[in-house]
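One structure is given here, and the rest of the page talks about it.
The values are calculated or read from the model by the stated rules, or taken from the named source; none is laboratory data. Everything numeric in this text was worked out from a predicted model, so none of it was measured. Heads up, the Cβs are rebuilt from the backbone with ideal geometry, glycines too, and the neighbour counts pull from every protein chain shown. Keep in mind that these areas ignore ligands, DNA and RNA; they rest on the heavy atoms of the full protein, side chains included. Shrake-Rupley method; radii C 1.70, N 1.55, O 1.52, S 1.80 Å.
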Amino acid sequence: MPIELRKWFQLSIASLSILFSALCWLAIRAYIPAADLGAQIAASVLMMAAMPGFFSLLRLFLPLLLLKLWPGLEK
């Protein structure tokens, strides 16, 4: 079974995606003034849009990295 179809891999990719987007949101949120409600809403929408983006990137590149580091993982 390919590594991309394993349940543990999909769960770890999903949790990493949420973690990375939350870290980006926290970094951006520190620079948004509290009085600017529109910018805060835009940052929240950007965070929700970043999750699938990180998921796609990690799903594409992480198997290549993992299999390069641990070749026996595919078996």
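One line per residue, one yes/no per condition, for (1) under 30 Å from Glu74 (Cα atoms); (2) surrounded by 14 or more Cβ atoms within 10 Å (Cβ to Cβ):
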residue	(1), (2)
Cys24	no, yes
Pro33	no, no
Ala43	no, yes
Pro63	yes, yes
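Take the conditions more than 10 Å from the chain's Cα centre (by Cα), basic (Lys, Arg), modelled with pLDDT under 90 and open to solvent by 50 Å² or more (accessible area, probe 1.4 Å) and apply them to Arg6. Does it pass?
Values: more than 10 Å from the chain's Cα centre (by Cα): yes; basic (Lys, Arg): yes; modelled with pLDDT under 90: yes; open to solvent by 50 Å² or more (accessible area, probe 1.4 Å): no.
In short, no.
Checking Pro52 against (1) surrounded by 10 or more Cβ atoms within 10 Å (Cβ to Cβ); (2) free of Cβ contacts under 8 Å to residues at least 24 places away in the same chain; (3) part of a helix (DSSP H, G or I): exactly one of these is not met. Which one?
Condition (2) is where Pro52 drops out.
When you scan the range 29-43, how many residues do you find that are free of Cβ contacts under 8 Å to residues at least 12 places away in the same chain and part of a helix (DSSP H, G or I)?
Of the residues in that region, 6 qualify.
Between a first residue in the range 7-19 that is without any contact (Cβ under 8 Å) to a residue 60 or more places away in the chain and a second residue that is open to solvent by 80 Å² or more (accessible area, probe 1.4 Å), which pairs have beta carbons less than 6 Å apart while being 6 or more apart in sequence or on different chains?
Ile13/Arg59
Listed residues Leu26, Leu62, Leu46; which is closer than 21 Å to Ile3 by Cβ, part of a helix (DSSP H, G or I) and either of a type in the set (Gly, Ala, Ser) or out of contact with any Lys or Arg (no Cβ under 8 Å at 6 or more places or on another chain) (or both)?
Numbers: Leu26 fails: closer than 21 Å to Ile3 by Cβ; Leu46 fails: closer than 21 Å to Ile3 by Cβ.
None of the others qualify; the one that does is Leu62.
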